[in-house]
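The values are calculated or read from the model by the stated rules, or taken from the named source; none is laboratory data. This is a predicted model, so every value here is computed, not measured. With ideal geometry, Cβ positions are generated from the backbone for all residues, glycine too; neighbour counts draw on all protein chains shown.
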Amino acid sequence: MHRRTLLSSLATLSGCAFLRVDPFSPLIRSEHIHSLEKEREILAKAKVEKTEDGRVYVLYAQGTPYEIGYQHGALLRSEVQDNLEYLYKEALGQFYSEEIFSEAYERMRPFIPQHYIDEMHGLAHGSRLPLHLVHAVHALPEITEWGGKKRIKAVVKQMMRGEVGTTCSNLCAVGGATKDKKPYVVRILDWGLHRISKLHKYPLIAVVKPENGIPYANIGWVGFLGAVSGMNAEGITLGEMGYGDPEHETLRGLPMPFLLREVMLRSRSISDVTQIVSAAPGTSSFVFLMSDGKTGEGRLYVKDKLRFLSFPPGQPVKDPAHDVDLPAIENVVYGGHYRDEMASLLTQQRGSIDPDLLMREVIPKIAMKSNFQNVVYSPSDLRFWVANAEGKGSRAAEAPYTFFNLKKALNRF
């Protein structure tokens, strides 16, 4: 597609010599790789495997942000190319203009920390994809939540109606709410993007040891560097959901997927999470649910450009601005699309909640038709279970779960 077009154009400029030119070579593109020996040195620090059940790619990456991105792109090159090129093509079919992605990215760019800019460069160079395509794909999650998109193209209203809509659910149960008194956290991603992409073919757990920061597992997809689900080595877990379209939504802020990366990279406690989320320049309207496995604490946050609210377990979640009034459940904090069903179900199951019950009884009843990914976290022992939709017409709620032990994985470097 983009790569082939550019190579073909070069080949016609001045004879056969240009057939030997690879404009996507890191020796041309990269300010960090000046020799093939340097490239081999970077790649030697990483590896790719699959989970024991063979369902999910596992990338072990370490080094500088650029090196981590390059390892991701080079070691999974064919998968990254197939996944991101197809997603970009389908997204263009929804928005009709490459310029929309460029404009959105440029609004967000001043707020994205440089280490993520470097990592995107590394991903583009390692995968041999155009940099603008990588930027566009990483702007897409924020665009899909931005209310202003309805003023750009009427066609994207389809993405707000449920077929490819973005309304998720999250819950955290601690103490007496669970069967064994351990904290358990659920992240339900109802984001039907798999229906216009190949993301369901390329689930990925990226286990990363950064040069500066806390090691973590980013639970996502090949080629996507942002986080929407994940857990770090301190037992901090991630969850998010879209939350209406207030008039003050903007793209001039820290994009949600990179905000959640910052939470994993910097947070050792729920206090750290609160500080990072509250201080970040807001963009679209989101609800986040985070937990700390060491202390068993959880918090539900409401965050946008103008507001920040925080709710602990056992407290009613009240937000008159969005007509939200969730009754309190002792040792539980929750929120999602099917609010009444969640309140009833979690009240009934309080005291008996464990991973099996969550996967078998709870998640299938509150996941939407667009259910794309589910994660059940056991943050006190750094374990989780993840399920991904197996096809464009299926829900993750009916898919098998893959178990992953992050503590063991961190010892595999």
Item to check | Every residue from region 88-111 that is surrounded by 21 or more Cβ atoms within 10 Å (Cβ to Cβ) and not aromatic (Phe, Trp, Tyr) | outcome: 91, 104, 108
Checklist entry - Can you tell me how many residues in region 256-288 are farther than 11 Å from residue 299 by Cβ, of a type in the set (Val, Ile, Thr), without any contact (Cβ under 8 Å) to a residue 60 or more places away in the chain and crowded, with 22+ Cβ neighbours inside 10 Å? => result 1
Next on the checklist: So, residue 298, is that one closer than 30 Å to residue 75 by Cβ, of a type in the set (Gly, Ala, Ser) and in contact with a strand residue (DSSP E or B) (Cβ under 9 Å, 6 or more places away or on another chain) or not?
Outcome noted: no
Checklist entry - Across region 74-121, what is the total count of residues that are of a type in the set (Phe, Trp, Tyr) and within 30 Å of residue 41 (Cβ to Cβ)? => result 1
Checklist outcome for this item: Taking region 352-384 and the residues there that are part of a helix (DSSP H, G or I) and touching a Phe, Trp or Tyr at 6+ places or on another chain (Cβ under 7 Å), the one that is farthest from residue 267 (Cα to Cα) would be 366
Next on the checklist: Condition check: touching an Asp or Glu at 6+ places or on another chain (Cβ under 9 Å) and free of Cβ contacts under 8 Å to residues at least 40 places away in the same chain. Does residue 132 satisfy that?
Outcome noted: yes
Item to check | Selection status of residue 66, outside any loop (DSSP other than H, G, I, E, B), among the aromatic types (Phe, Trp, Tyr) and either at pLDDT 95 or above or over 28 Å from residue 251 (Cβ atoms) (or both) | outcome: yes
Checklist entry - Is there any pair with a first residue in region 168-191 that is at positive phi and modelled with pLDDT of 95 or more and a second that is outside any strand (DSSP E or B) and β-branched (Val, Ile, Thr) whose Cβ atoms are under 9 Å apart and which are 6 or more apart or on different chains, and what are they? => result 181/174
Next on the checklist: Take the residues in region 326-351 that are in a strand (DSSP E or B) and not hydroxyl-bearing (Ser, Thr, Tyr); name whichever of them is surrounded by the most Cβ atoms within 10 Å (Cβ to Cβ).
Outcome noted: 333
Checklist entry - Do you know which residues across region 71-113 are aromatic (Phe, Trp, Tyr) and in contact (Cβ under 8 Å) with a residue 40 or more places away in the chain? => result 86, 88, 95, 96, 101, 111
Checklist entry - Which residues, counting only those in region 282-299, are more than 16 Å from the chain's Cα centre (by Cα) and not hydroxyl-bearing (Ser, Thr, Tyr)? => result 282, 292, 293, 294, 296, 297, 298, 299
Next on the checklist: Quick check on region 389-404. Is at least one of its residues touching a strand residue (DSSP E or B) at 6+ places or on another chain (Cβ under 7 Å), assigned to a loop (DSSP other than H, G, I, E, B), at pLDDT 95 or above and polar (S, T, N, Q)?
Outcome noted: no
Next on the checklist: With the structure loaded, tell me whether residue 273 is modelled with pLDDT of 95 or more and in contact with a Cys (Cβ under 6 Å, 6 or more places away or on another chain) or whether it fails that test.
Outcome noted: no
